[in-house]
Amino acid sequence: MPKLITLRSGAVAAALMAGVFLLTAPAVAQDYPNRPITLIVPFPPGGSTTIVGRIVADKMSEVLGQSIVVDNRGGAGGTIGSRAVAKSAGDGYTILLGYTGTLAIGPSLYGNVGYDPRTDFEPIGRIGTAPNTLVVHPSMPVHSVPELIAYAKANPGKVNFGSAGAGTASHITGEYFARTAGITLVHIPYKGTGPALTDLLGGHIPMAVAPIPASHANVAAGKLRALAVTSTARSSLLPDVPTVAEAALPGFDASLYYGLAAPAGTPRPIIDKLNKALRDALASDEVKKQLSNDGTEITPGTPEDYADFIDKDEKKWAGLVKASGVEQE
């Protein structure tokens, strides 16, 4: 009998707590945010994630009336910063710049990435999509994807390509491209896209795979040569640059996606408030122009839309990881 009373007491307590939460949740959302929010970008400065993250954070700060501070925490292909968010308090004051490399590739590539993209985060919403680019130094004697493939076949194991780091989207895209083309490329990992492009511009490496938001300015200035974009359609930013699929490898697709996510357990009213702020930011002419100028196509939606996309994108990239031939760690 005492046990039964205890169980009933526990059930009553749980019901009371649930009722209290339902009553206080709107108040929590109404008061939120009352201090600065930290947006963790899980890569070093200079890459596409930082570019996209800062554009969105600046406008969301205006919408929310509270500053959003961008905190770059690079390492391990973006998984260190992502893991930090997954283990943070679900109070809406620490959020993540979600990215293909961290939410779709990392969980398939690493044996113990330290988080589950489906259960350790509360999706806030998608930001947009952008292709990677195959870019070479002007001294590289190739001007097209077919020429690159022919050159690599004539010089097996002698063509290096830089990426944002082992296990990142740019790394897997490069390996996927090499395997599909039947060539051998030597991967040179960097601690972010910025450092990789710095070495490429300096002529220390002949080629890199880099997101278009980070590469297009140097391509437009003639400092780098873009051979192709990795999406299924050409980029409006570089309309004369073909896709890998149309240039040489039909069916090739390795697009990148950005979004915002919070730690699991973040109250839904806070998620809804952040989603609205994100969508308002993406709807502004200023952000539309900035992201368009950086080659990012805006794809706003609900938290449920982003959750569904994360699930599908992880399954897609798990296949690309396998196809790339990169061994899981």
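Selection of the stretch 202-222 for residues being surrounded by fewer than 16 Cβ atoms within 10 Å (Cβ to Cβ) and in contact (Cβ under 8 Å) with a residue 24 or more places away in the chain yields Gly203, Gly222.
In the stretch 235-251, is there at least one residue being farther than 28 Å from Val70 by Cβ, at pLDDT below 95, surrounded by 20 or more Cβ atoms within 10 Å (Cβ to Cβ) and of a type in the set (A, V, I, L, M, F, W, C)? Within the stretch 235-251, none of the residues are farther than 28 Å from Val70 by Cβ, at pLDDT below 95, surrounded by 20 or more Cβ atoms within 10 Å (Cβ to Cβ) and of a type in the set (A, V, I, L, M, F, W, C).
Evaluate the following for Arg118: is it open to solvent by 10 Å² or more (accessible area, probe 1.4 Å) and part of a strand (DSSP E or B)? Show your work before the answer.
Numbers: open to solvent by 10 Å² or more (accessible area, probe 1.4 Å): yes; part of a strand (DSSP E or B): no.
No.
Looking across the stretch 290-329 at every residue that is of a type in the set (D, E, K, R), within 20 Å of Ile172 (Cβ to Cβ) and open to solvent by 50 Å² or more (accessible area, probe 1.4 Å), the one that is modelled with the lowest pLDDT is identified as Glu329.
Looking at the structure I just gave you, is Tyr306 among the hydroxyl-bearing types (Ser, Thr, Tyr) and touching a helix residue (DSSP H, G or I) at 6+ places or on another chain (Cβ under 6 Å)? Break it down stepwise before answering.
Numbers: among the hydroxyl-bearing types (Ser, Thr, Tyr): yes; touching a helix residue (DSSP H, G or I) at 6+ places or on another chain (Cβ under 6 Å): no.
No: the conditions fail for Tyr306.
Of the residues making up the stretch 161-196, those that are of a type in the set (S, T, N, Q), within 24 Å of the chain's Cα centre (by Cα) and either open to solvent by 20 Å² or more (accessible area, probe 1.4 Å) or more than 17 Å from Asp253 (Cα to Cα) (or both) are Ser163, Thr180, Thr193. Contact annotation: residue pairs with Cβ atoms under 6 Å, 6 or more positions apart or on different chains, pairing a residue in the stretch 143-165 that is farther than 26 Å from Gly192 by Cβ with a partner that is open to solvent by 40 Å² or more (accessible area, probe 1.4 Å) and β-branched (Val, Ile, Thr), are Pro156/Thr184. For Ala262, the requirement of being at pLDDT 95 or above and touching an Asp or Glu at 6+ places or on another chain (Cβ under 8 Å) is met. Of all residues in the stretch 108-142, none satisfies the criterion of being in contact with a Lys or Arg (Cβ under 8 Å, 6 or more places away or on another chain) and free of Cβ contacts under 8 Å to residues at least 24 places away in the same chain.
The values are calculated or read from the model by the stated rules, or taken from the named source; none is laboratory data. As the structure is a prediction and not an experimental result, all values here were calculated from the model. Cβ: placed from backbone, ideal geometry, glycine included. Neighbour counts: every protein chain shown. What goes into the accessible areas is simple: the full protein's heavy atoms, side chains included, and nothing from ligands, DNA or RNA. Shrake-Rupley method; radii C 1.70, N 1.55, O 1.52, S 1.80 Å.
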